[in-house]
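Right, one structure below, let's go through it.
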Amino acid sequence: MKKFEIHDLLRYFHNARKKDGTLFPLLGEDALALTASLSYLLEDTNFCIKAYSGTGKTVLMDAITQLLPEEWIHTIEHLSETAVWYDMDAINKARFVSIPEAQKIPEGVMEVIKTWADGRTAKRKRTDITSKTLPTKIHFLYPKYVLMAVAVENDKGSAMFDAELERRCMIMHTNPTVKQTERVVEHKLLHAALPPTKISSMTIDEIDELKEHIRLAVRERDEDDATVLKNPCAPFLMDAIPSAFPVSRSKVQYLLKLINAIARFYPDEIVRTERDGVVYGMVSPKHNWLGLRIYLNSFVEECLHMPSHGTDILKLFPETRLDRFGFADSETVKMSEGELKKAAKAAGLPFTKLRPVISGLLMTGFLEVDDDGKSPLYFKSPLITEPVAKINWSELIEETKNFIRENWPEVCDEYIRSSCSSIKIVDPFSGDNIELGERAERAVDIEDSDYPDVFKTAKDAKIKDYESFLLNAEGDYNDKEFKEVKQFFEKD
């Protein structure tokens, strides 16, 4: 079989089909599709997709479940509180459970899901009231990991799920913007005009091989003597973790689980060793880079308690700069609630109730407010910037080498040779070839590898002059690198 990359998994979502074979690709949901499929399928993570109705959450769930044999997954539809127990045998036989409309399930079924999330078996006593002699039966629903979707505009869903599932589920959102709508509409127009072979970019044979690759990875994880993954890079990821927020203590497990899932996707790259009868596998810098590339921004937003679609609202505001007294400067753009609604509508954000999102952003410090006596005016806090990684990958690789020499000496030579030198990566989103070395780019900054070497990010390379670069550069540059950038601009 061919060697698959994470980018091939993304290509699958771009060429997803309905069960009847109709081409129905997932467009503009790249990070969500990769995070959900890898975390749920390969690392048994409870995953919740929160989205407005009609934004593609069910299509995404269908594409994920179609990576599995039908008998591996059981779908829970709209059931009564007792109906789930009549499906007990089918649920217990299934490897995975899917719930497309989770906000509609009754409270009794939700209690089962919470019990599973704690790793416990759900139990129910059933007495036959027609007979005094038959003993009381105890029914069991063994722990399952659940993939579910919640419509965020549903009041019941919002009230019940935000609090109840936060510590039990990895949560991500679909993209509701105009740009995303345009992608979907454009594809549908092309689909109406062209045969599927003209608008698909992955053959059926390739898709079947990818499905088999995923199934083998799941089977390997399920073996009694399955490899236990250890991440020698983990102690050096601190710069990416918003440690000022206590919720990071529980959320960081989801980042680590995604990194493990990526390692499982590349089983031939895992360096293994045995201790006391247990087989351990070493996760590599490459797997860590890919995990941060795919999930870091969403992870940080969850840690900061960013309200649902808060990032979309923040993008409506220009950046706010501090004046010399430490306050927002006089050029700061301030917007009323009415202006925000108009801007949100123009951007294609389907908000019917904007105030709860604004309140959440105020509470978490992303927005500030200035009351002019007529109506509150909101502006983006100058103390908050959008999340970026500050990891120096060349330093991380050196620290990882020292760590594995000290703690895993029996595999240190093999690990350093195979995982810490000449690290070549296929970017999961663009398919570009990237190399982690002395000038390794930060994971979240990779947009296009085709830009001058003096710049550390694609955005920096788009800046037009040196003065603007000094003000707006987002990469970390030392004095020597600043001189090289200055020479680059002077040469042009």
Q. Only one of (1) open to solvent by 30 Å² or more (accessible area, probe 1.4 Å); (2) out of contact with any strand residue (DSSP E or B) (no Cβ under 6 Å at 6 or more places or on another chain) fails for Ile105. Which number is that?
A. (1)
Q) Just wondering, is there one or more residues in segment 82-91 that are farther than 24 Å from Glu223 by Cβ, without any contact (Cβ under 8 Å) to a residue 40 or more places away in the chain, in contact with a strand residue (DSSP E or B) (Cβ under 9 Å, 6 or more places away or on another chain) and not hydrophobic (A, V, I, L, M, F, W, C)? A) yes
Q.
For segment 22-31, check the following and say yes or no: at least one residue is over 30 Å from Val283 (Cα atoms), acidic (Asp, Glu) and either modelled with pLDDT under 85 or out of contact with any strand residue (DSSP E or B) (no Cβ under 9 Å at 6 or more places or on another chain) (or both).
A. no
Q: Search segment 207-227 for residues being of a type in the set (Val, Ile, Thr) and either under 16 Å from Ser37 (Cα atoms) or at pLDDT 95 or above (or both), and hand back the single one that is surrounded by the most Cβ atoms within 10 Å (Cβ to Cβ).
A: Ile214
Q. Looking only at segment 238-272, which residues are modelled with pLDDT under 85 and open to solvent by 70 Å² or more (accessible area, probe 1.4 Å)?
A. Met238, Asp239, Ser243, Ala244, Phe245, Pro246, Arg249
Q) Only one residue in Ile171, Ile138 is modelled with pLDDT of 70 or more, open to solvent by 70 Å² or more (accessible area, probe 1.4 Å) and part of a strand (DSSP E or B). Which one? A) Ile138
Q.
Just checking, does segment 333-343 include any residue being open to solvent by 30 Å² or more (accessible area, probe 1.4 Å), modelled with pLDDT under 80, out of contact with any Lys or Arg (no Cβ under 9 Å at 6 or more places or on another chain) and on the phi < 0 side of the Ramachandran plot?
A. no
**Q.** segment 411-459 - residue that is modelled with pLDDT of 80 or more, touching a helix residue (DSSP H, G or I) at 6+ places or on another chain (Cβ under 8 Å) and in a helix (DSSP H, G or I) and, of those, most open to solvent (accessible area, probe 1.4 Å)
**A.** Ser418
Q | Pair list, Cβ under 9 Å, 6 or more apart: segment 389-402 residue surrounded by fewer than 15 Cβ atoms within 10 Å (Cβ to Cβ), other residue at pLDDT below 85 and not in a loop (DSSP other than H, G, I, E, B) | A | Lys390/Asp239; Lys390/Ala240; Ser394/Leu436
Q. How about segment 1-100: which strands (runs of 3 or more DSSP E) wholly inside it have at least 1 residues that are open to solvent by 10 Å² or more (accessible area, probe 1.4 Å)?
A. 47-51, 73-75
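The values are calculated or read from the model by the stated rules, or taken from the named source; none is laboratory data. These numbers come from a predicted model, not from an experiment. Every residue, glycine among them, receives a Cβ derived from its backbone with ideal geometry; neighbour counts consider all protein chains shown. The accessibility values were calculated without ligands, DNA or RNA, using every heavy atom of the protein model including side chains. Shrake-Rupley method; radii C 1.70, N 1.55, O 1.52, S 1.80 Å.
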